[in-house]
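Enquirer: Would you mind keeping the following structure in view while I ask a few things?
The values are calculated or read from the model by the stated rules, or taken from the named source; none is laboratory data. Computed from a predicted model, the values in this text were never measured in an experiment. Counting neighbours? That spans all protein chains shown, and the Cβs are built from the backbone with ideal geometry, glycine included.
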Amino acid sequence: MPENFFTLGIETSCDDTGVAILKNDREVLCEYLSSQIKDHSRFGGVVPEFAARKHLENLLPLVNAALNEAYIKGRDLNLIAVTRGPGLMGSLIIGVQTALALSQVWNVPLIGVNHLEGHLFAPLVEAEDLEPPFLSLIVSGGHTEIIKVEAFGKYELLGQTRDDAAGEAYDKAARVLGLKYPGGPEIDRLAKLGNSKAFNFPVPLKNSGEIEFSFSGLKTALLGQVKKFQEAGQEIPVEDLCASFEKAVTDSLISKINLAVKLTGIKRVAASGGVSANSALREALSAQKNFKAWLPALKRCTDNAVMIAMAGRNSWTRGNFSGGPVVPDPALHEI
Ligand SMILES: Nc1ncnc2c1ncn2[C@@H]1O[C@H](COP(=O)(O)OP(=O)(O)OP(=O)(O)O)[C@@H](O)[C@H]1O
Ligand SMILES: [Mg+2]
C-alpha cells in the first residue's frame, strides 16, 4: 500500500453528479456536487433520461476540476470508485462507463460500489471513533432499513420498510400539501413553524415487535386531513400538518432503532441517507439515552461522491478487487 493513497469517487445513481478525491481513509481533498433539483422540480420528480443527459454534461468537467483542485494527475490516482447500483440505469451507465474509460486511459484500478454501502459510510467520514459493531439506519429516498454492521463488509439486514421509504413518504406528503419537490427539506422547514401535537397521526407498526417500517398509511391519513379542510372550505394548516407528520415519521424511526438496540445489545447507531438531514430526526437521535448516534454532515446525507470513495477504498483494503469489468446494476440491493 503506497504511503499516500488517492481515491477518485464518482456518484451518478440518480440526479446528483458527484465527484470527490479522498486521501487515505477519510481525508477529503475536494468534493463536487452538481445537483439537478432545479431541472427536475418543474416535473415534480426525477425524469430518468434527462438525469442521464445531465450526468453526461457534468461528469468530466467535475472530474477535471477535482483533479486540478487536489493538484493530482489522473495517472497518480490509486483507485477509482464508482457507484454501480442501485439506481437509474441511464444514470449509472454514464458513471460506470466514464469510470471504466478513465481507469483504462490512466491505468488505475476500478472498483464498483453499492450505493447503499456508500450511504452507510457517510457518517464515518468525520467519525474516527466509530468502529463496528454498530447499527446503521439508512433513511433515503428509496430505502429505509436498519443494518447490523458486524465488521466492514459483514452486514446483516435487520429490517426494512414494507412499502414506501421515509424520503418517499416526505416527498408524497409534500405533494399532498402542494409543496415543491423534493418535499423533505420543505416539510422540515415548515414543521419548525408548526405544532407537532396539532394532529395525532398514527405511528405505523409502533407495537409490532418487529424491526419493520410502513409509511404509506401515514400519507393516506395526511390526505384525509387535507380533504376535511378542503371540504369545509377552510384554510389548510400546512405548518401544523408538516410538524405532526414529521413527528409521526420520526417517532417510528426512533422506536424501531431502539428496538434494534434492545434486540442486538449494540448501543452505537449511525444514520445516513437524505432523511438523516431532517432536523427533528437529528435532534431525536442525538437526545437518545439508550445509544450514541453518529450523523453525517448535512451535505453528505443525500447522494455524494465522498461516501462512494470511502466505501470503495475500504472495500479495496479488504481485498475486494476482481480486476473484472464493473457492470451497472439498477436493482442491486443486498450489501
Ligand atoms: N431535511 C429533510 N427532511 C426530510 N427528508 C429529507 C430532508 N432532506 C432530504 N430529504 C429527503 O431525502 C430524499 C433524498 O435522499 P437521498 O439522496 O439519500 O435518496 P436517493 O439517493 O434518491 O435514494 P436511495 O439512496 O435510496 O437510492 C428525498 O426523498 C428528500 O425528500
Ligand atoms: Mg441515495
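Enquirer: Of 66, 81, 101, which residue is touching a residue at least 24 places away in the same chain (Cβ under 8 Å), farther than 25 Å from residue 167 by Cα and assigned to a helix (DSSP H, G or I)?
Expert: 66
Enquirer: Follow-up. Out of the residues in region 147-172 that are within 16 Å of ligand 2 (Cβ to nearest atom) and of a type in the set (A, V, I, L, M), which is farthest from residue 205 (Cα to Cα)?
Expert: Restricting to residues being within 16 Å of ligand 2 (Cβ to nearest atom) and of a type in the set (A, V, I, L, M), the top hit is 147.
Enquirer: Of all the residues that make up region 289-308, how many are assigned to a helix (DSSP H, G or I) and not hydrophobic (A, V, I, L, M, F, W, C)? Quick ask: steps written out before the conclusion?
Expert: To start, the set of residues in region 289-308 that are assigned to a helix (DSSP H, G or I) comprises 298-300, 305-308.
Now restrict to residues that are not hydrophobic (A, V, I, L, M, F, W, C): 299-300.
Final tally of qualifying residues: 2.
Enquirer: Output the number of the condition that residue 277 fails; it satisfies all remaining conditions of (1) modelled with pLDDT under 95; (2) within 16 Å of ligand 2 (Cβ to nearest atom).
Expert: Going through the list (1) modelled with pLDDT under 95; (2) within 16 Å of ligand 2 (Cβ to nearest atom), residue 277 breaks only (1).
Enquirer: Give me the pairs: first residue in region 172-200 and assigned by TED's automatic domain parsing to the domain that holds residue 276 and outside any helix (DSSP H, G or I), second residue among the charged types (D, E, K, R) and within 16 Å of ligand 2 (Cβ to nearest atom), beta-carbon distance under 7 Å, and six or more apart or on different chains, which are they?
Expert: 181/171; 182/171
Enquirer: Separate question: Yes or no: region 20-43 includes at least one residue that is part of a loop (DSSP other than H, G, I, E, B), among the β-branched types (Val, Ile, Thr) and over 18 Å from residue 97 (Cβ atoms).
Expert: Taking every residue of region 20-43 in turn, none turns out to be part of a loop (DSSP other than H, G, I, E, B), among the β-branched types (Val, Ile, Thr) and over 18 Å from residue 97 (Cβ atoms).
Enquirer: List the number of the failed condition for residue 163; all other conditions in (1) part of a loop (DSSP other than H, G, I, E, B); (2) within 21 Å of residue 310 (Cβ to Cβ); (3) over 16 Å from the mean Cα position of the chain (by Cα); (4) not hydroxyl-bearing (Ser, Thr, Tyr) hold.
Expert: If we test residue 163 against (1) part of a loop (DSSP other than H, G, I, E, B); (2) within 21 Å of residue 310 (Cβ to Cβ); (3) over 16 Å from the mean Cα position of the chain (by Cα); (4) not hydroxyl-bearing (Ser, Thr, Tyr), just (2) comes out false.
Enquirer: What do you reckon, is residue 27 within 16 Å of ligand 2 (Cβ to nearest atom), among the charged types (D, E, K, R) and modelled with pLDDT of 95 or more?
Expert: Considered against the rule, which asks whether it is within 16 Å of ligand 2 (Cβ to nearest atom), among the charged types (D, E, K, R) and modelled with pLDDT of 95 or more, residue 27 comes out as no.
Enquirer: If you don't mind, another one. With respect to the numbered conditions (1) in a loop (DSSP other than H, G, I, E, B); (2) over 17 Å from residue 147 (Cβ atoms), which one is the sole condition not fulfilled by residue 247?
Expert: Failing condition for residue 247: (1).
Enquirer: Would you be able to tell me the number of residues in region 286-335 that are within 16 Å of ligand 1 (Cβ to nearest atom), closer than 18 Å to residue 128 by Cα, surrounded by fewer than 16 Cβ atoms within 10 Å (Cβ to Cβ) and not small (Gly, Ala, Ser)?
Expert: 1
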